[in-house]
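Take a look at the structure set out below.
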Amino acid sequence: MTTSPRPAGGPTPEESAPEGTAPAGDTTLLVIAKEPLPGRAKTRLCPPCTPQQAARLAAAALHDTLEAVRVMPAARRVLVLSGRPGEWLPPGFDVVPQCSGGLDERLAAAFAAAGTGPALLVGMDTPQVTPALLEPALGPDGWRECDAWFGPALDGGFWALGLARPDPALLRGVPMSTATTGQAQLDRLTREGLRVRRLPALRDVDTAEDAVRVAAETPGSRFAAAVAAVPELPPHRPGIPTGRSPQDTAQHRTAAP
């Protein structure tokens, strides 16, 4: 990736970056999300949550996700948002609106707007994402002998997708919000001859059970604090398997927000 010459006396990328934001890298980082409004965000948490409680959990999940992205090296950090930004948005992000249409079209448009360099997209449903989980795709060798990164979700969708050469056609027409969305997207990549590397599988926060389990995985996070503030949510019981059966996934068919 080439960069413009530094103007005489101008700041370096490190000097101009917002405080706490990592310096420039080669990859554009995309987060696709919806504004966490009551009655619009995390509606499958209701009941036991009220719409207001669900919105607070959504805001916490989004904030934690954005913080993990913010500290990673990137050519640009972009929030692809349906709605308006709020206090949950940390500095260091460009905000662009989501296009209309189905999820496949919205994901395709996000990659189209990323430009010609590599891009990695994550959703807002996995607040347990950490810099360490993203580092394989964003390290010095992240794109060496690699055309795509794929992060599967336990519900059959995916939480992350990276493309060395963003091509919207790789997403358009992939059936979204099904129990086989992730496999369909992966099949699309491999049929096109892309060399795909995988990120760890993560649990999407779709239901109250998901929220409790993810909060238990991330003590000290804003999301865990938000879950603890909802008395209607049951405590996590250690020892319960974290995977889902086919019967469970039939009701949890998501890809990215």
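Mind checking which residues of the stretch 32-69 are of a type in the set (S, T, N, Q) and over 22 Å from Pro91 (Cα atoms)? Step through it out loud before you land on a result.
At the first step, the residues of the stretch 32-69 found to be of a type in the set (S, T, N, Q) are 43, 50, 52-53, 65.
If the condition is that a residue be of a type in the set (S, T, N, Q) and over 22 Å from Pro91 (Cα atoms), then Thr43, Thr50, Gln52, Gln53 are the ones that fit.
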Practice task
Return yes or no: is Phe111 farther than 18 Å from Val205 by Cα, among the aromatic types (Phe, Trp, Tyr) and open to solvent by less than 10 Å² (accessible area, probe 1.4 Å)?
Solution key: yes
Fill in the blank from the handout: Residues of the stretch 197-219 being farther than 25 Å from Pro235 by Cα, surrounded by 15 or more Cβ atoms within 10 Å (Cβ to Cβ) and not charged (D, E, K, R), in sequence order, are Leu199
Handout entry: Filter result for the condition that a residue is surrounded by fewer than 18 Cβ atoms within 10 Å (Cβ to Cβ) and closer than 23 Å to Leu81 by Cα, over Gly182, Gly123, Gly193, Gly173
Key = Gly173
Handout entry: Matching entry among Pro136, Pro131 (being surrounded by fewer than 22 Cβ atoms within 10 Å (Cβ to Cβ), touching a Leu at 6+ places or on another chain (Cβ under 8 Å) and modelled with pLDDT of 95 or more)
Key = Pro136
Problem - Residue check, Val71 under 14 Å from the mean Cα position of the chain (by Cα) and either crowded, with 20+ Cβ neighbours inside 10 Å or not small (Gly, Ala, Ser) (or both) - result: no
Practice task
Sort out which residues of the stretch 149-163 are open to solvent by 10 Å² or more (accessible area, probe 1.4 Å) and in contact with a helix residue (DSSP H, G or I) (Cβ under 6 Å, 6 or more places away or on another chain), and write them in order of number.
Solution key: Pro152, Gly156
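The values are calculated or read from the model by the stated rules, or taken from the named source; none is laboratory data. Predicted, not measured: the structure shown is a model, and the values here were computed from it. Cβ atoms come from the backbone with ideal geometry, glycine included; neighbour counts cover every protein chain shown. Each accessible area value is taken on the protein alone, full model and side chains, heavy atoms only, with ligands, DNA and RNA left out. Shrake-Rupley method; radii C 1.70, N 1.55, O 1.52, S 1.80 Å.
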